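The values are calculated or read from the model by the stated rules, or taken from the named source; none is laboratory data. Note that the structure is a prediction, hence the values are computed from the model and not measured. Cβ placement follows ideal geometry from the backbone for every residue including glycine, while neighbour counts extend to all protein chains displayed. To get the accessible areas, we keep the full protein, side chains included, count just its heavy atoms, and leave off ligands, DNA and RNA. Shrake-Rupley method; radii C 1.70, N 1.55, O 1.52, S 1.80 Å.
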Amino acid sequence: MEEGDSEMWNNFSNNFRQVQSVLDRNRLLIQQVNENHQSRTHDSMVQNVSLIQELNGNISKVSSIYSDFNTDFTNMIHQRKNEV
């Protein structure tokens, strides 16, 4: 395995750890939103606004991580083709 392969797999692994962490957080946020919705109190509904905003931000974060990884991976593949 070449040095670039090791670096690529490390980046791949780190990206997926970041994604999993955000998805785990989203799962907790969704549970809280559901609990707040069931309680139907004014304060709970107000709190849901910020929770849903955080969810939206996290979805953007996951999308960005995947996009960055895709770009890095594609660049590495193109670089490899040019080396051959």
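For the chain, report the accessible area per residue in Å² (1.4 Å probe, heavy atoms, rounded to an integer).
Value returned for the chain: 76 Å² of accessible area per residue.
Taking the dipole about the Cα centre of the chain, with the C-beta of Lys and Arg at +1 and of Asp and Glu at -1, give me whichever of Phe73, Trp9, Ser39 is farthest to the positive side.
Ser39
Can you pull the one-decimal nm distance between simple spin-label points at Gln32 and Ser44, each 7 Å off the Cα toward Cβ?
My value for the distance between the label points is 1.5 nm.
Calculate how steeply helix 3-39 sits against the longest principal axis of the alpha-carbon atoms of the chain, using the helix alpha-carbon long axis, and give the answer as 0 to 90 degrees to the nearest 10.
Once rounded, one gets 10 degrees.
May I ask for the angle, rounded to the nearest 10°, between helix 42-83 and the longest principal axis of the chain, with both axes built from Cα atoms and the value confined to 0 to 90°?
So the helix axis and the longest Cα principal axis differ by about 10 degrees.
Give me the percent of accessible area attributable to carbon and sulfur for the chain, probe 1.4 angstrom.
Details: 3250 of 6360 Å².
C and S fraction of accessible area: 51 percent.
What does the charge dipole of the chain about its Cα centre add up to, to the nearest 20 debye, if the Cβ of each Lys and Arg holds +1 and the Cβ of each Asp and Glu holds -1?
Values: 7 positive and 11 negative charges, 80 e Å.
About 380 debye.
So if I take the alpha carbon set of the chain, get Rg, then get Rh from the Kirkwood formula, what is the Rg over Rh ratio?
Values: Rg = 19.0 Å, Rh = 15.2 Å.
That ratio equals 1.25.
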